[in-house]
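Colleague: Below you'll find the structure I mean.
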Amino acid sequence: MRVRLDPRQWPGRVIPETDSEIDTAVEAVCLRASWVDADRQAVRAVLVPWFAEEWSVDAVLAAVDHRPDGSWQGRPRGRDQEAHEFLRARLRAWSGSGGQRAKPPVPGVPFGRWWRVHRRNAKLYEPRERVPLGQAGQEAREESRARARAHLQDPVERARAKAERWREALDSLLVPGKAVPTFEDSRRLLVDRVVPRTVCAHCGSGQVMIRRAA
């Protein structure tokens, strides 16, 4: 499968196999590691054997930062270091005494398998075609729009509906079995109110000063 991807969009877990894929993966490594001045051919010569052992871009970059036991490899590449020499030195920790390479720290997949999964996911999440509404759906939509327009354009109706909601909320607080109170009930409460006489007895009392002739 010949699919040319931008190195900035190269999937990090894909194992490059063809020459074109390897070139793209090498460029992706240099871009992600910020090795702008790297000799691409020299970096390619270092990485080809690792790609042949099912290593991916993510695996290479993870090995640059950490050893197989998880410990940190040290400071990043200095300006006086060649990128391919720095890469070879860091990958040496992942090589055995007999030249055998360790398993990649990040598992990878072939490009063909990744492409099939990518296309399947794209089809699953692509926007679906709009299905025209039937007669019932159109009637329901028009009814909903009519209610919305009435709600926005008729303030009197809105006020009545609000008062009705309040009335229903207050009626829900009534004691079951008792009649709803009226204005007459409130007037009767005021008329039947008894004021204690002890209070009235003291109303209007005051001190009267009588001036007598000397």
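Colleague: Could you give me the ³J(HN,Hα) list for segment 79-86, computed from phi with Karplus coefficients 6.51, -1.76, 1.60 and θ = phi - 60°, whole Hz, x at Gly and Pro?
Modeller: Coupling constants for segment 79-86: 5, 8, 9, 6, 4, 6, 5, 4 Hz.
Colleague: Would you work out what percent of the accessible area of segment 94-165, with all protein chains in place, is carbon or sulfur (probe 1.4 Å)?
Modeller: 52
Colleague: To continue, here is another question. If R₀ is 35 angstrom, what is the calculated FRET efficiency for the pair ARG8 and ARG165, using the beta carbon separation as r and rounding to 0.05?
Modeller: Approximately 0.05, to the nearest 0.05.
Colleague: Quick one: which residues, 5 or more positions from ILE15 or on another chain, have an amide H under 5 Å from its amide H? H modelled 1.01 Å from N in the peptide plane, none for Pro or chain starts.
Modeller: VAL109, PHE111
Colleague: If only Cα atoms are counted, what is the Rg of segment 66-163, and what is its Dmax, in Å?
Modeller: 32.5, 90
Colleague: Size of segment 3-105 along its principal axes in angstrom, Cα-based, largest extent first?
Modeller: Each principal axis gives a Cα extent; for segment 3-105 these are 36, 30, 20 Å.
Colleague: Give the lysines reachable from LYS178 as a straight Cα distance under 18 Å; neighbours fewer than 8 places away on the same chain don't count.
Modeller: Correct list for LYS178: empty, as no lysines qualify.
Colleague: Quote the accessible area belonging to TRP10 in square angstrom, nearest 10, computed with a 1.4 Å probe and with ligands, DNA and RNA left uncounted.
Modeller: For TRP10, solvent-accessible area is about 20 Å².
Colleague: Can you tell me the accessible area per residue over segment 53-118, all protein chains present, probe 1.4 angstrom, in square angstrom?
Modeller: In whole numbers, segment 53-118 has 63 Å² accessible per residue.
Colleague: Let me ask something else. Treating only the Cβ atoms of Lys and Arg (+1) and Asp and Glu (-1) as charged, compute the dipole magnitude of segment 90-151 about its Cα centre; round to the nearest 20 debye.
Modeller: 580
The values are calculated or read from the model by the stated rules, or taken from the named source; none is laboratory data. Here the structure is a predicted model, which means the values were calculated and not measured. FYI the Cβ positions are ideal-geometry reconstructions off the backbone, even for glycines, and counts take in every protein chain you see. Remember, those area values only see protein heavy atoms, side chains included, never the ligands or the DNA or RNA. Shrake-Rupley method; radii C 1.70, N 1.55, O 1.52, S 1.80 Å.
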